[in-house]
Amino acid sequence: MAAGSNLDLSFIPAPAKPEVLTRRLGRGTVGIARVRCATDGLGPLDAPAIENAFLISHHLSHFHSDIRVDGKPVVKPRDIAGLTTIHDFRHDIACHIHTAFDTMTFHLPRVVLEAVFPDDGPEQFEDLDIEPSGCVADPTIAAVAAAMLPALAMPERISLLFLDHVSCALATHVAAVYGRLSTARTGGALAPWQERRAKEMIAARLDGEIRLAELAAECRLSVGHFARAFRQTTDTSPHQWLLQRRVEHAKTLMRDGGQTLADVALACGFADQSHFSRTFRRLTGVTPRAWRHRNAAAGATAHASARPADSLPV
């Protein structure tokens, strides 16, 4: 995750920083902490980093705060003691705390929730179907938080097995109750989360410095299984999909008009301009120079709607 992780809760400027108990489950690390502030007027929290994770906050006391998600205010009940807020760190969250507070928090990366459903099962985890930073009344989360309170008072006595049990139980409950599920694809295709993750990784490395083994490991598949499943899912190989993304990125850069074709080629991961031109023409039917001339002549309005002949299938 390029923006880092909110696992340490360092964005909360409380006088006493919480000690986060961590446990690695599968490919993600769960964090558990009690966050308290005995004085009023803590003020605004530092904006948490964008991250593909959720923060489950169970409120042990009532407190007054203002929360905005992506610039929009979140409506909360008059008394939130005993309720739970689920924050989605993929959104821009701004919080201003006015009074003292006492909260149990559980940091759950998305990959932990995905692992609840096995790859060969009938259903796959898609996302949490929640109102970001909204409050819910959840007796199970309340019970998990209550079970953790005595352990957090004496962290040196915490059994790793107990921590594993609590973390797995919470992740299973959250994924099952609030998760939006999809029917797993059959016939060897990638699951939706596998396809999404593989494409994200390829798009982030247009220079091609990524191996099939890395993609397969992220999708929890063998290299051979991953290559076959990727082709069945996308009707193309990972390498060809990479070339398509390079060409799409090149179009974006050429629309700006501020770079030479040689610069565009290097920025998109091609070895040189000649390699760029050959690949571009093979996939679009025109040379980069001709494509740039055509789009420049069409004007800025034409850029918003690419011609069908020039567009590439995703």
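Is one or more of the residues making up segment 208-218 touching a residue at least 40 places away in the same chain (Cβ under 8 Å) and closer than 30 Å to ARG294 by Cβ?
Yes, the conditions are met somewhere in segment 208-218.
Can you confirm whether segment 215-237 contains a residue that is open to solvent by 60 Å² or more (accessible area, probe 1.4 Å) and under 22 Å from the mean Cα position of the chain (by Cα)?
yes
So that you can scan it fast, the table gives a plain yes or no per residue for (1) at pLDDT 95 or above; (2) touching a strand residue (DSSP E or B) at 6+ places or on another chain (Cβ under 7 Å); (3) assigned by the TED database to the domain that holds VAL35; (4) within 22 Å of PRO15 (Cβ to Cβ):
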{"residue": "ASP70", "(1), (2), (3), (4)": "no, no, yes, no"}
{"residue": "VAL75", "(1), (2), (3), (4)": "no, no, yes, no"}
{"residue": "ARG78", "(1), (2), (3), (4)": "no, no, yes, no"}
{"residue": "LEU83", "(1), (2), (3), (4)": "yes, yes, yes, no"}
{"residue": "ARG90", "(1), (2), (3), (4)": "no, no, yes, no"}
{"residue": "THR103", "(1), (2), (3), (4)": "yes, yes, yes, yes"}
{"residue": "ARG110", "(1), (2), (3), (4)": "no, yes, yes, no"}
{"residue": "GLU114", "(1), (2), (3), (4)": "no, yes, yes, no"}
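Inside segment 35-65, can you point out the residues that are closer than 23 Å to ILE130 by Cα and surrounded by 20 or more Cβ atoms within 10 Å (Cβ to Cβ)?
Selection gives PRO48, GLU51, ALA53, PHE54, LEU55, ILE56, SER57, HIS58, HIS59.
In segment 52-98, what residues are under 30 Å from MET201 (Cβ atoms), charged (D, E, K, R) and not in a strand (DSSP E or B)?
Listed by number, the residues that qualify are ASP70, ARG90, ASP92.
Test PHE89 against the criterion of being touching a residue at least 12 places away in the same chain (Cβ under 8 Å), farther than 22 Å from GLY41 by Cα and either out of contact with any Asp or Glu (no Cβ under 7 Å at 6 or more places or on another chain) or buried (at least 21 other Cβ atoms within 10 Å of the Cβ) (or both), and give yes or no.
Against the criterion (touching a residue at least 12 places away in the same chain (Cβ under 8 Å), farther than 22 Å from GLY41 by Cα and either out of contact with any Asp or Glu (no Cβ under 7 Å at 6 or more places or on another chain) or buried (at least 21 other Cβ atoms within 10 Å of the Cβ) (or both)), PHE89 qualifies.
Here's a check for you: in segment 63-74, which residue that is of a type outside the set (D, E, K, R) and without any contact (Cβ under 8 Å) to a residue 24 or more places away in the chain is nearest to VAL35 (Cα to Cα)?
PRO73
Just give me the residues in segment 99-146 being β-branched (Val, Ile, Thr) and assigned to a loop (DSSP other than H, G, I, E, B), in sequence order.
THR99, VAL116, ILE130
Can we say VAL74 is in contact with a Lys or Arg (Cβ under 8 Å, 6 or more places away or on another chain) and of a type in the set (Val, Ile, Thr)?
So VAL74 fits the description; yes.
In segment 283-302, is there at least one residue being of a type in the set (Lys, Arg) and at pLDDT below 85?
Checked against the condition, which is being of a type in the set (Lys, Arg) and at pLDDT below 85, segment 283-302 yields no hits at all.
Among the residues of segment 195-214, what is the count of those that are out of contact with any Ser or Thr (no Cβ under 7 Å at 6 or more places or on another chain) and either of a type in the set (A, V, I, L, M, F, W, C) or modelled with pLDDT of 90 or more (or both)?
Within segment 195-214, residues that are out of contact with any Ser or Thr (no Cβ under 7 Å at 6 or more places or on another chain) and either of a type in the set (A, V, I, L, M, F, W, C) or modelled with pLDDT of 90 or more (or both) number 13.
Going through segment 120-142 one residue at a time, which ones are open to solvent by less than 60 Å² (accessible area, probe 1.4 Å) and not β-branched (Val, Ile, Thr)?
GLY121, GLN124, PHE125, GLU126, ASP127, LEU128, PRO132, SER133, GLY134, CYS135, ASP138, ALA142
The values are calculated or read from the model by the stated rules, or taken from the named source; none is laboratory data. All of these numbers come straight from a predicted model, not from anything done at the bench. Every residue, glycine as well, gets a Cβ built from its backbone with ideal geometry; the counts of neighbours run over all protein chains shown. Just the protein is used for accessible areas: all its heavy atoms, side chains included, with ligands, DNA and RNA removed. Shrake-Rupley method; radii C 1.70, N 1.55, O 1.52, S 1.80 Å.
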